[in-house]
Amino acid sequence: MKTSSEPALPQIRVIIADDHPVVRHGLRSALRSQNDIRVIAEASDGEEACQLCEQLSPDVLLLDLRMPKKDGLEVIRTLPQAGEKKPQIIVMTTYEGEEDIRRALGAGAKGYLFKGANLLQIRDAVRKVAAGKSTLAAAVACKLAESMAHRELSEAELQVLGHLGQGRSNKHIGQHLYISENTVKIHVGSILKKLGATCRTEAVAIAVRRGLLRAP
């Protein structure tokens with residue numbers, strides 16, 4: 001009597017990149033029980049994530065946005081040059097600002113989950129992006145939809161906004177950016193209009209909420 005063994009399922013090779021060991025352990029535990037998913041390495045900073053992707057060519061990279069040496073956004077932008085095969089990237093973060101979401105997806109991430117995602121969501125996301133599909137948590141999709149109604153700030157306005165967040169005057173901003181005080185005033189007026197703010201303080205608060213600025 002002939003016997004035949006079933007061919008092994010192809011495994012999705014995953015690298016986890018997060019600077020918190022507890023988070024890495026939790027993600028590894030969520031995935032290691034799955035026959036079709038294998039965690040092949042872990043990175044504790046952005047530079048290590050890029051190096052491991054270049055060496056190991058994973059199918060999927062689970063990536064935190066805020067990490068030492070290189071943040072997640074820089075990793076996403078660097079990886080096309082890091083090796084022959086770019087992994088599909090799922091951002092997993094505690095940051096819910098719409099600008100974080102828009103920048104990560106714009107840079108090439110295929111998935112975006114908050115760290116409160118359950119085990120089934122994480123496993124499903126890994127399988128979907130490995131198959132070339134995009135996946136967003138429902139809350140992420142809502143925030144992204146909301147962001148489409150907001151007018152984007154120009155690069156110059158974002159620079160000025162950063163200085164507003166530090167409480168600098170128009171004069172000091174102009175000196176730092178090598179532009180006239182009047183040009184700064186024009187940028188500030190445009191920032192207030194685009195953010196729907198009535199003053200600089202409100203503009204900074206809105207910018208923090210949207211992820212355009214980090215909370216002090």
Inset, instruction - Return the residue satisfying two criteria in turn: it lies in the range 91-122 and is modelled with pLDDT of 85 or more and part of a helix (DSSP H, G or I), and of such residues it is surrounded by the fewest Cβ atoms within 10 Å (Cβ to Cβ). - result: LEU120
Legend entry - Check on LYS128, under 23 Å from ARG66 (Cα atoms), in contact with a strand residue (DSSP E or B) (Cβ under 6 Å, 6 or more places away or on another chain) and either among the basic types (Lys, Arg) or not assigned by TED's automatic domain parsing to the domain that holds HIS20 (or both): no
Inset, instruction - Check whether at least one residue in the range 34-42 is surrounded by 18 or more Cβ atoms within 10 Å (Cβ to Cβ) and in a helix (DSSP H, G or I), and report yes or no. - result: no
Inset, instruction - Please enumerate the residues belonging to the range 67-82 that are loosely packed, with under 14 Cβ neighbours inside 10 Å and either modelled with pLDDT under 85 or of a type in the set (A, V, I, L, M, F, W, C) (or both). - result: PRO80, GLN81
Legend entry - Leading residue by the ranking (nearest to GLY108 (Cα to Cα)) among those in the range 123-143 that are buried (at least 19 other Cβ atoms within 10 Å of the Cβ) and modelled with pLDDT of 90 or more: VAL129
Inset, instruction - Check whether at least one residue in the range 177-197 is at positive phi and either modelled with pLDDT of 85 or more or part of a helix (DSSP H, G or I) (or both), and report yes or no. - result: yes
Inset, instruction - Only residues that are part of a helix (DSSP H, G or I) and touching a residue at least 24 places away in the same chain (Cβ under 8 Å): list them for the range 14-33, please. - result: VAL23, LEU27, ALA30, LEU31
Inset, instruction - Return yes or no: is SER147 of a type in the set (S, T, N, Q), modelled with pLDDT under 80 and surrounded by fewer than 19 Cβ atoms within 10 Å (Cβ to Cβ)? - result: yes
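The values are calculated or read from the model by the stated rules, or taken from the named source; none is laboratory data. Keep in mind it's a predicted model, so treat the numbers as computed, not measured. Heads up, the Cβs are rebuilt from the backbone with ideal geometry, glycines too, and the neighbour counts pull from every protein chain shown.
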